[in-house]
Amino acid sequence: MVSEEKKKWDDRLNPLYFPLFTAIPVEGWLTLKASPFSGVEVTLFIIGVLFLAFAGAVETNSEEGKHRAIGYIYLLSALLFGSIGLFKWLT
């Protein structure tokens, strides 16, 4: 009984999906925000992009196909958010 409940929680709290619920929404909000970046927002944006790049690099080294695919999604989103954020910050 206890192992079944633990398995359910392990499926829900899989660390593979952590950037989907933390970094990607924050990066999307900062990207779509109309006002220019302040100092704190630039720092938060850089930390989010680095977190996505780190998570993607770690997951692409996995042997499972699902983890590898999500790792590439994280790397691609880091690249997109980084380039959009740099363009928005410089203009």
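The values are calculated or read from the model by the stated rules, or taken from the named source; none is laboratory data. Given the structure is predicted, the values throughout are model-derived calculations rather than measurements. Backbone-built Cβ (ideal geometry, glycine too); neighbour counts: all protein chains shown. Accessible surface is based on the protein model in full, side chains and every heavy atom, while ligands, DNA and RNA are left aside. Shrake-Rupley method; radii C 1.70, N 1.55, O 1.52, S 1.80 Å.
Listing for the model above:
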quantity: Condition met for F45 (of a type in the set (F, W, Y) and open to solvent by less than 100 Å² (accessible area, probe 1.4 Å)); calculated: yes
quantity: Count - residues of segment 23-54 that are among the small types (G, A, S) and under 18 Å from S83 (Cβ atoms); calculated: 4
quantity: Verdict on A55 being surrounded by 14 or more Cβ atoms within 10 Å (Cβ to Cβ), in contact (Cβ under 8 Å) with a residue 12 or more places away in the chain, of a type in the set (A, V, I, L, M, F, W, C) and in contact with a Leu (Cβ under 7 Å, 6 or more places away or on another chain); calculated: no
quantity: Matching option when the condition is at pLDDT 95 or above and within 9 Å of the chain's Cα centre (by Cα), among A55, A78; calculated: A78
quantity: Where a residue in segment 76-91 is under 25 Å from E59 (Cα atoms) and its partner, wherever it lies, is hydroxyl-bearing (S, T, Y), with Cβ under 6 Å and at least six apart; calculated: I84/T31
